[in-house]
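The structure appears below as structure tokens.
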Amino acid sequence: MDTRKSIYSAAEFVKSRIGDLTPEIGIVLGSGLGKLGGLIEDPIVIPYSAIPDFPQSTAQGHAGNFLVGHLSGRTVIAMQGRIHYYEGYAIQQTVIPIRVMKLLGIKYLFVSNAAGGSNPAYKVGDLMIIRDHINLLPNPLIGPNMDEFGPRFPDMTRPYDLGLIRLAKEVAAEQGVDLREGVYISCTGPTFETPGEYRFFRTIGADAVGMSTTPEVIVARHSGIAVFGMSVITDVATDNPDDYVTDHLDIIKAADAAADKMSRLFATIISRL
Amino acid sequence: MDTRIETIEKAAGYIKSRLDGREPIAGIILGSGLSSLADEIADRTVIPYQDIPGFPVSTAPGHKSNFIVGTLGGRCVVAMQGRFHYYEGYGMDTVTLPVRVMKKLGIRYLFVSNAAGGVNLDYHVGDLMVIRDHINLLPNPLIGPNMDEFGPRFPDMTRPYDLDLIRRAHEIAAKHGFTLREGTYIGNTGPTYETPSEYNYFRIIGADATGMSTIPEVIVARHCGISVFGMSVITNETKKEFAPDYVNDGLDVIAAADKAASRMVSIFRSLIETL
């Protein structure tokens, strides 16, 4: 599917709304990062619904806006609400916002998500730096290559920037926040994982599982954007009682509980870029 | 009539019209490492894909877009210079169209090659691996109404790669004084190369080499009873820990494939002589 036209027309539209601001940092405000959006000073709010030919977020707890403004002294563009594959969009559509932010000039991408812990040591509320991923979603680069963004066969040896991971650990140590570091596996959803699927993911080396993020990261890396990602662990796979149910509202609650420390962490990391 | 079959028949009809009654016994997909085999085909007719009704044109770097029909090792063969990859955005019907067209031309054997990343920690750049079995993580090309005239709804996949051809390949390699790896190829969509964790995953589930092609073609060939032989040239190595400056590069892949080319070509040429 050719999304080039949508990408360029959306970038033009956003540019026309933000005057001479040139964002250098993109932020996908996934679960747990909602409050970070509130820290952006005097944000210009651009609803996705106002952007011509742009996908609309339908996920619970996700608004649908770009916020452009200053955070920790840097010019940022934040996505309040992301587009998920499980909503029924083609995978190439879900990454249009990342391409748009690239055209606006971002050099860094910060992403967050809510994830199930497949590592048995993980607890609800843990924060995990994403060190690497396993992509079980369709690859967003399938189709004719957009040569102006990057190469046909992008390297994925280090999808997540080692320098940013190091910086995050320093900041977390200063703030007294414990961080996990692990491998994120993405699958389509929208079903939560069965116990058998959790076992599968654990066996193949995943620490946390979710339904987003890897397509965005692949497309960001394709065009040379440095990426930092973090998961908030909102449910765990192990030793669940017979009456256990994975519930979306519990997950939103767990993400909200971690929101303050996660937002503070991201704000400080961004201040030191 | 099923429009898929119409497309196949039309393309096969056009190619036949160019062959003066010659009937190829073997099809060869000249993937990475095999391109120079094309030069050894004698009495050749070159048919560009763009001349064939219903055929798309391959967009992958380093791939030409022709059928070459002629004589190799004393046999009439049809070789594909350039294949269609799923990552290019083609549907699976298009990716596998050439194999069904070659079936209509009469082939009984299919020879395939590819460039693959080594998943097995013992593998080195330039190694040749006979494909003994595969794990398919691409969409299955047989999804959709079954084309009964080609094969059954539920094809057996106990031995996707012909055991007799595998045995002969090892004998030929021994005669030439080198050894072949033998392993399991895992196919995924690409076009990104694998992350370290994806390499690890593939190793855990039993794969030796990973690539972005071949399996759809093999599944469709087996569906219609074609005997298959496949070989991977290992173009990059996996590590438990990658060096901080390591980069997986498409040009390195092409260079590594070229280096192994002469050994690979000699195996395929000698194998075809035994048919």
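The values are calculated or read from the model by the stated rules, or taken from the named source; none is laboratory data. Quick caveat: nothing in here was measured; it's all calculated off a predicted structure. No Cβ is skipped: glycine too gets one built from the backbone with ideal geometry, and neighbour counts run over all protein chains shown.
Among the residues of the range B:92-105, is there at least one that is surrounded by fewer than 22 Cβ atoms within 10 Å (Cβ to Cβ), within 14 Å of chain A (Cβ to nearest Cβ) and within 17 Å of residue B:220 (Cβ to Cβ)? Checking the range B:92-105: at least one residue is surrounded by fewer than 22 Cβ atoms within 10 Å (Cβ to Cβ), within 14 Å of chain A (Cβ to nearest Cβ) and within 17 Å of residue B:220 (Cβ to Cβ). From (1) in a loop (DSSP other than H, G, I, E, B); (2) among the β-branched types (Val, Ile, Thr); (3) surrounded by 14 or more Cβ atoms within 10 Å (Cβ to Cβ); (4) modelled with pLDDT of 95 or more, pick out the condition that doesn't hold for residue B:131. Of everything listed in (1) in a loop (DSSP other than H, G, I, E, B); (2) among the β-branched types (Val, Ile, Thr); (3) surrounded by 14 or more Cβ atoms within 10 Å (Cβ to Cβ); (4) modelled with pLDDT of 95 or more, residue B:131 misses just condition (1).
Just one of the listed residues (B:154, B:229) is among the aromatic types (Phe, Trp, Tyr) and under 17 Å from the mean Cα position of the chain (by Cα), namely B:229. Filtering A:217, A:232 for residues that are within 13 Å of the chain's Cα centre (by Cα), closer than 21 Å to residue A:81 by Cα and either assigned to a helix (DSSP H, G or I) or within 12 Å of another protein chain (Cβ to nearest Cβ) (or both) leaves a single hit, A:217.
Within the range A:154-167, the set of residues being more than 8 Å from chain B (Cβ to nearest Cβ) and assigned to a loop (DSSP other than H, G, I, E, B) comprises A:160, A:161. Would you point out the residue of the range B:245-264, among those that are in a helix (DSSP H, G or I) and either within 13 Å of chain A (Cβ to nearest Cβ) or touching a Ser or Thr at 6+ places or on another chain (Cβ under 6 Å) (or both), that is surrounded by the fewest Cβ atoms within 10 Å (Cβ to Cβ)? Among those residues, the one meeting the criterion is B:251.
Checking each residue in the range B:198-215 for being outside any strand (DSSP E or B) and more than 14 Å from every other protein chain (Cβ to nearest Cβ) picks out B:208, B:214, B:215.
When A:170, A:181, A:193 are screened for being without any contact (Cβ under 8 Å) to a residue 24 or more places away in the chain and either away from chain B (no Cβ under 14 Å) or not in a helix (DSSP H, G or I) (or both), only A:170 passes.
Against the conditions (1) in a helix (DSSP H, G or I); (2) at pLDDT 90 or above; (3) under 20 Å from the mean Cα position of the chain (by Cα), residue A:9 satisfies every one except (3).
Scanning the range A:111-153 for residues that are closer than 28 Å to residue B:240 by Cβ, of a type in the set (S, T, N, Q), assigned to a loop (DSSP other than H, G, I, E, B) and within 11 Å of chain B (Cβ to nearest Cβ) yields one hit, A:139. Considering only residues in the range A:32-85 that are touching a His at 6+ places or on another chain (Cβ under 6 Å) and in a loop (DSSP other than H, G, I, E, B), the one that is surrounded by the fewest Cβ atoms within 10 Å (Cβ to Cβ) turns out to be A:59.
Being away from every other protein chain (no Cβ under 14 Å), assigned to a loop (DSSP other than H, G, I, E, B) and under 18 Å from residue B:231 (Cα atoms) holds for only one residue in B:140, B:120, and it is B:120.
Residues that are more than 7 Å from every other protein chain (Cβ to nearest Cβ) and either over 17 Å from the mean Cα position of the chain (by Cα) or hydrophobic (A, V, I, L, M, F, W, C) (or both) within the range B:182-197 comprise just one, B:186. On the given criteria, is residue A:243 under 19 Å from residue A:37 (Cα atoms) and away from chain B (no Cβ under 14 Å)? Answer is no for this residue. With respect to the stated conditions, residue B:183 fails to be within 30 Å of residue A:219 (Cβ to Cβ), touching a residue at least 24 places away in the same chain (Cβ under 8 Å) and small (Gly, Ala, Ser).
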